[in-house]
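The values are calculated or read from the model by the stated rules, or taken from the named source; none is laboratory data. Quick caveat: nothing in here was measured; it's all calculated off a predicted structure. Cβ sites come from the backbone with ideal geometry, for glycine too, and all protein chains shown count toward neighbours.
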Amino acid sequence: MILFLASSSPRRAELLTNLGLEFTVAPIEIDETRRPDESAALYVERLAREKAEAAGSGGLVVAADTAVVHDGHVMGKPAHPEEARSMLRRLQGRAHEVFTGMAVAHDGMTESLVDVTEVRMLSMTDDEIADYVASGEPMDKAGAYALQGKGGLYVESISGSPFTVIGLPVHLLPRLVARVGGRLDEFMRPSRL
């Protein structure tokens, strides 16, 4: 059986690689428009499920989606540098939540879960925000920052899984794979002793 990652995110691919898994990247494009009155948890879970199901059959598919929530406002990826600056201004010096939905699909079955982590950002100067946005890193990240990159310099603390913030709550993976009748060890790279 083949494991597919329905994402073009290099961060998600790196997490699966670090777990020792063999997989094929199979990015899926879907409409990511949030529905009216859709909570962040329902939103990321729906998108993860839609991505996993859109990947088709022929293996086991893992998909995920992440959203940052600040003061009840769902933040996705910034569309342009000014939006990234605006997001970082709102997040700096305060706490927010990161929701990541993960779905696993196999043989007509889809299982999904959502994990949430609280992140507290340090206060940032206008120059720090401008320099960080100019680095380009915020442009393809929900909430306009990357915990595992330069954005980690501005994260004061987290309560929950750092993998949820990075975009793939790996602790949910064994449970979801089991729910669709698989075993994660089926996808492990052979060890080289």
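Tell me which strands (runs of 3 or more DSSP E) are completely within the stretch 1-117 and hold 2 or more residues being buried (at least 17 other Cβ atoms within 10 Å of the Cβ) and of a type in the set (G, A, S), or say none if there are none. I'd like the intermediate steps shown before the answer.
Numbers: elements: 3-5, 60-70, 73-75, 95-106.
Hits in the stretch 1-117: 60-70, 95-106.
Do you know which of the residues in the stretch 168-185 that are at pLDDT below 95 and surrounded by 13 or more Cβ atoms within 10 Å (Cβ to Cβ) is farthest from D107 (Cα to Cα)?
L184
Residues in the stretch 168-179: is at least one closer than 30 Å to M1 by Cα, of a type in the set (G, A, S) and in a helix (DSSP H, G or I)?
Step one: filter the stretch 168-179 for residues closer than 30 Å to M1 by Cα, giving 168-179.
Okay, now just the ones that are also of a type in the set (G, A, S), so 178.
Next cut, in a helix (DSSP H, G or I) only: 178.
Within the stretch 168-179, one or more residues are closer than 30 Å to M1 by Cα, of a type in the set (G, A, S) and in a helix (DSSP H, G or I).
Looking at (1) β-branched (V, I, T); (2) out of contact with any Ser or Thr (no Cβ under 8 Å at 6 or more places or on another chain); (3) within 24 Å of G136 (Cα to Cα), find the lone condition where T100 falls short.
So T100 meets the others, but not (2).
What about L42, is it at pLDDT 95 or above and closer than 22 Å to E97 by Cα?
Working: at pLDDT 95 or above: yes; closer than 22 Å to E97 by Cα: yes.
Considered against the rule, which asks whether it is at pLDDT 95 or above and closer than 22 Å to E97 by Cα, L42 comes out as yes.
Only one of these conditions is not met by L91: (1) within 16 Å of P169 (Cβ to Cβ); (2) in contact with a helix residue (DSSP H, G or I) (Cβ under 7 Å, 6 or more places away or on another chain). Which number is it?
It is condition (1) that L91 fails.
Can you tell me how many residues within the stretch 118-146 are out of contact with any strand residue (DSSP E or B) (no Cβ under 6 Å at 6 or more places or on another chain) and either surrounded by fewer than 18 Cβ atoms within 10 Å (Cβ to Cβ) or charged (D, E, K, R) (or both)?
Number of matching residues: 14.
How do the pairs read when you match residues in the stretch 128-155 that are closer than 19 Å to D65 by Cα with residues anywhere that are of a type in the set (K, R), using Cβ under 6 Å and keeping only pairs 6 or more apart or on different chains?
Taking only residues 6 or more apart or on different chains, the pairs are E137/K150; D140/K77; A142/K77.
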